[in-house]
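The values are calculated or read from the model by the stated rules, or taken from the named source; none is laboratory data. Please read all numbers here as calculations on a predicted model, not as lab measurements. Cβ: placed from backbone, ideal geometry, glycine included. Neighbour counts: every protein chain shown.
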Amino acid sequence: MNRGPIAETDRILVKRYLVTQMVLTAFDRDKGNIQHSGLFKTPNLYTDLIDKAIDEAIKEITSVKKAFRNRGIKVYEEHRTKLGVDAKFMCRGYHDNMQLRWAFITAEATVLMRLFLGLDIGHYLNPAIPGEKEPTLFSRSDT
């Protein structure tokens, strides 16, 4: 376990957790809309794809929670506000607050949803960063 104050990696993990939870909620909502809308002749094809993405999101949450345990992190309060999401978390005895604005959440969730659906995210990557294969927020290598 890391010792000392809250590091940038700790904050990235908290962001990953918060955004991935919202992505799971969005996938679940979208799946229900597809199933109950009556607009699709073959809704199972689309809901199966969403189920696959949900499985990937659950793997991500599991990975983040494992990293939380290893790094002594706990998110203990979340509030959705007009401006975004406010979360309180503790990391190795240090308490901190994180505020994510809806514009940030929307942008990150869009990329994350595309990643979980198996779609190309290449145009979201910065070619100026050597070796960047995934956006930092979604990389499981730091867990």
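Side notes on the structure shown:
- Odd one out for Ala53, checked against (1) under 18 Å from the mean Cα position of the chain (by Cα); (2) not in a helix (DSSP H, G or I): (2)
- In this structure, Ile34 does not satisfy being in a helix (DSSP H, G or I) and either closer than 23 Å to Asn97 by Cβ or in contact with a Leu (Cβ under 8 Å, 6 or more places away or on another chain) (or both).
- Val19 vs. criteria among the aliphatic types (A, V, I, L, M), more than 19 Å from Arg114 (Cα to Cα), in contact (Cβ under 8 Å) with a residue 12 or more places away in the chain and out of contact with any Gly (no Cβ under 7 Å at 6 or more places or on another chain): no
- Within the span defined as the range 70-92, every residue fails to be in a helix (DSSP H, G or I), acidic (Asp, Glu) and modelled with pLDDT of 95 or more.
- Selection count where residues are surrounded by 15 or more Cβ atoms within 10 Å (Cβ to Cβ) and either touching a residue at least 60 places away in the same chain (Cβ under 8 Å) or acidic (Asp, Glu) (or both), scope the range 55-77: 9
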